[in-house]
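Heads up: the structure comes next, in structure tokens.
Read-outs: derived from the displayed coordinates by stated rules, not from any lab. If you're wondering where the values come from, they're calculated on a predicted model, not measured in any experiment. Don't worry about glycine lacking a Cβ; one is built from the backbone with ideal geometry, like all the others, and counts go over all protein chains shown.
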Amino acid sequence: MQTFERALVALDRGPIGALYRVGVGFLIVPAWSYVIGRPESGWSLIAFFVGVLLALRVIPAVLRKVLPFGTAVRTIWADRRQMAKRFDSYQWQKLFWIGIGMALHALQSRQHFPAALALAATCLVAGAFGVLVWRYRVTRRQAREVS
């Protein structure tokens, strides 16, 4: 695997993946404010948020089809996609880090859009639940492999 490919694989795992998602969460509200102009509707934030989540799935899928990645990288990504299809908690835990980023932005900017705070809280709660379920499943799977 080339260095670039290793970096791309790392974006979806461990501390680098968490920091990446915190960064995405941190930028959601400022990007929404920039695109919308003067934010007045919380519903537009939710639509923008869903659009960001969709883009986080679609853009990598397009890049996987268009760019020539090695077999090892494609195999890792295929395994992760398969795991995401089998276990919702694998995907839901990503919301936790996005929620942390949104909460950090709210603390740093002192702009308290009620919709942004509610969305950050929802991401944190749903994501924390996903983390707990995912950790339970991983621990249970590891225990089965040992026995």
Matching entry among Ile59, Ile46, Ile76 (being under 30 Å from Gln2 (Cβ atoms) and surrounded by 13 or more Cβ atoms within 10 Å (Cβ to Cβ)): Ile76
Selected residue (criterion: surrounded by the fewest Cβ atoms within 10 Å (Cβ to Cβ)) from residues of the stretch 3-16 that are in a helix (DSSP H, G or I) and in contact (Cβ under 8 Å) with a residue 24 or more places away in the chain: Glu5
Residue in the stretch 93-103 that is over 26 Å from Val138 (Cα atoms) and of a type outside the set (Lys, Arg) present: yes
The stretch 96-117 residues that are farther than 17 Å from Val52 by Cα, paired with ones that are part of a helix (DSSP H, G or I) and aromatic (Phe, Trp, Tyr) (beta carbon under 6 Å, 6 or more apart): Leu104/Phe26
